[in-house]
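As structure tokens, the structure follows; a few thoughts come after it.
The values are calculated or read from the model by the stated rules, or taken from the named source; none is laboratory data. Small disclaimer: the values here were computed from a predicted structure and weren't measured. Heads up, the Cβs are rebuilt from the backbone with ideal geometry, glycines too, and the neighbour counts pull from every protein chain shown.
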Amino acid sequence: MSYFTITKENRPSLEGTKETEVCIIGAGIAGMNLAFLLHLSGKKVIILDAETMGHAQTIRSTAKITCLPGFFYHDLIERVGMEKAMKTARYLRKALKKYAELVYQHQINCDFQRLPFLLLSQQTDKIEKEAFALQRLNFQCSVQKQQSTLLGEASVLTLEHQAQFHPGLWLEHISRGLEIYEHSRVVQVEDHCVYTAKGKVKAKHIVFCDHYPFINFPGTYFMKMTQMRSYVLTLSNVPKVDTMLYRADEPVESLRFAGNMALYSGFSHPVGKGEEDVLEQMKRKAKERFPQCTIEEIDSAQDCMTLDGLPYIGKFSGSKQNWYVSTGFNKWGMIYSMVSAMILHDQICGIQNTDAEPFDSLRSIMNTPLRELKFSFQAASGLMKEFLTLPELKMQDIPKGDGAIIEWDGISLGCYHDEDDTYYFVSSRCPHLKCQLTWNAAEKSWDCPCHGSRYDRYGQRIEGPAESQTILIRKEKK
Ligand SMILES: Cc1cc2nc3c(=O)[nH]c(=O)nc-3n(C[C@H](O)[C@H](O)[C@H](O)COP(=O)(O)OP(=O)(O)OC[C@H]3O[C@@H](n4cnc5c(N)ncnc54)[C@H](O)[C@@H]3O)c2cc1C
């Protein structure tokens, strides 16, 4: 369960036909920040969410708002040059400032707090290069070599005056007065019309803030993004510090405080490719770092990773001029959702903005680091191999409480063996784009390593771009 729970309101679901200027698909931080800015500019907005506001990735975040998303600017300058890196840095600074201004102007009670952000690594040369890049981009930062910190011995790059907040309280405040329909999954979008099971919205502008665009064509975001899964432990009895920490060495660890609790997160891995005991490893590390701590809650979430480390913000595709997208936050959606809200607000309101260029959703992938492209190609070829070979396991090989892809009557199936001796057979292919699902032993779910869709052990949809509610084929009692 997430530390940042949110009071569920009884919002209606969409029925019948509505008309509006802007229809936003998805009421996470990306959709809500944009809706708020447009609302303040007097635009009529309707927001549709498949479930409830903020429930998906947003309230599972650890909600650090920082202009330093890990090791970032040194590589960025090398890849895109000073001018674009400067525009990127300017936008991140503007987004952080925007949060502070909105909190102040609208008296938003969301535990917003200015704190230093500490980037830690054992690689001192990398820390020094990142600090040099930051200074070139007009940030003030400092470096301390090999310090003892709450996340172990490391060189430390400190960026002052960053922020953290409570994303649930933030959403609750900014949603006041907005027209939001919940339990209203969008199933189809055509030119100026958005359809749910029971209604439709006609809109001049349509914005996809659904975390991972559920439409594959046009846009083809599935070819430009993977998803990474991370875990959050809520810990009590950790000595409190007035900083946010992010240790960029593998496995990545991050720490912030919220009230008397510490939110310890990280141990990320591509969806569908985690080690079986990843959560146990993380719990052991927590105990090693904070011997007195008690683990109060365990949670997990995932985020979209882009090929070049920058989000996709802007037009959804060249062929749909009134469709927009906001996705690919690379695990830093608190700051990027505000960057995105400001950019899309300006585009929808017809305001010229040349600083948005580095985030352009239609940018070429020519500057993509080769290692990222190689990763995508390797994933695809690995999947092909799995298609061509039948698994060796049979259903009787699966112990209770476990699952696996098995061979059953000459075909591959997913099979979960429940504690009460029932076998749940599911399709071994993801309904999204037919990639082979993998069994996630840590969370007992079926995960798609290509695009991050997930189904629970009984084959019911949890999240991701796959639209089918179930992959269950049948169940059988032993
Ligand atoms: C463990 C962890 C820690 C993190 N910590 C930080 C941090 O410290 N700082 C930071 O900046 N970022 C952090 N992040 C990243 C951040 O949480 C995400 O980038 C951000 O929450 C993504 O927001 P979103 O609005 O795009 O997605 P979501 O919150 O997932 O919202 C998308 C919404 O779209 C809806 N939706 C989907 N499909 C449809 C459909 N077809 N029709 C209608 N609605 C639909 C969903 O129901 C959902 O409500 C963290 C991420 C993880 C995993």
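Points to keep in mind about this one:
- Lys94 satisfies every condition listed in (1) over 24 Å from Asn353 (Cα atoms); (2) surrounded by fewer than 22 Cβ atoms within 10 Å (Cβ to Cβ) except (1).
- Breaking point among (1) more than 10 Å from the ligand (Cβ to nearest atom); (2) modelled with pLDDT of 95 or more; (3) surrounded by fewer than 21 Cβ atoms within 10 Å (Cβ to Cβ); (4) assigned to a loop (DSSP other than H, G, I, E, B), for Thr5: (2)
- Subset of the range 21-38 (residues that are more than 9 Å from the ligand (Cβ to nearest atom) and either surrounded by fewer than 19 Cβ atoms within 10 Å (Cβ to Cβ) or closer than 27 Å to Gly266 by Cα (or both)): Glu21
- Exclusive hit being within 14 Å of the ligand (Cβ to nearest atom) and either surrounded by fewer than 20 Cβ atoms within 10 Å (Cβ to Cβ) or not basic (Lys, Arg) (or both), set Ser427, Ser445, Ser468: Ser468
- Residues of the range 338-358 satisfying the condition of being hydrophobic (A, V, I, L, M, F, W, C) and surrounded by fewer than 24 Cβ atoms within 10 Å (Cβ to Cβ): Met342, Ile348, Cys349, Ile351, Ala356
- Selection within the range 197-234: residues that are within 12 Å of the ligand (Cβ to nearest atom) and β-branched (Val, Ile, Thr). The member of this set that is modelled with the lowest pLDDT is Ile215.
- Here the condition is being among the basic types (Lys, Arg) and within 12 Å of the ligand (Cβ to nearest atom); of Arg185, Arg176, it holds for Arg185 alone.
- Among the residues of the range 1-43, those identified as free of Cβ contacts under 8 Å to residues at least 60 places away in the same chain and either touching a helix residue (DSSP H, G or I) at 6+ places or on another chain (Cβ under 7 Å) or closer than 23 Å to Gly314 by Cα (or both) are Leu40, Gly42.
- Hits in the range 178-230 (condition: surrounded by fewer than 16 Cβ atoms within 10 Å (Cβ to Cβ) and within 19 Å of the chain's Cα centre (by Cα)): Asn216, Thr220, Met223
- Leading residue by the ranking (nearest to Ile298 (Cα to Cα)) among those in the range 44-63 that are assigned to a strand (DSSP E or B) and in contact with a helix residue (DSSP H, G or I) (Cβ under 8 Å, 6 or more places away or on another chain): Ile47
- Residues in the range 53-89 that are crowded, with 21+ Cβ neighbours inside 10 Å and among the β-branched types (Val, Ile, Thr) were compared, and the one that is farthest from the ligand (Cβ to nearest atom) is Ile77.
- The residue of the range 283-306 that is surrounded by the fewest Cβ atoms within 10 Å (Cβ to Cβ), among those that are of a type in the set (A, V, I, L, M, F, W, C) and either more than 16 Å from the ligand (Cβ to nearest atom) or over 19 Å from the mean Cα position of the chain (by Cα) (or both), is Ile295.
- In the range 360-369, the condition of being buried (at least 20 other Cβ atoms within 10 Å of the Cβ), away from the ligand (no atom under 15 Å from the Cβ) and at pLDDT 95 or above is met by no residue.
- Checking each residue in the range 235-248 for being surrounded by fewer than 22 Cβ atoms within 10 Å (Cβ to Cβ), closer than 24 Å to Gln162 by Cβ and among the hydroxyl-bearing types (Ser, Thr, Tyr) picks out only Thr243.
- Within the range 249-282, restricting attention to residues that are of a type in the set (Gly, Ala, Ser) and buried (at least 16 other Cβ atoms within 10 Å of the Cβ), the residue that is nearest to the ligand (Cβ to nearest atom) is Ser265.
- Qualifying residue in the range 321-337 (condition: surrounded by fewer than 17 Cβ atoms within 10 Å (Cβ to Cβ), assigned to a strand (DSSP E or B) and either within 14 Å of the ligand (Cβ to nearest atom) or in the same structural domain as Leu40 (by TED's automatic domain parsing) (or both)): yes
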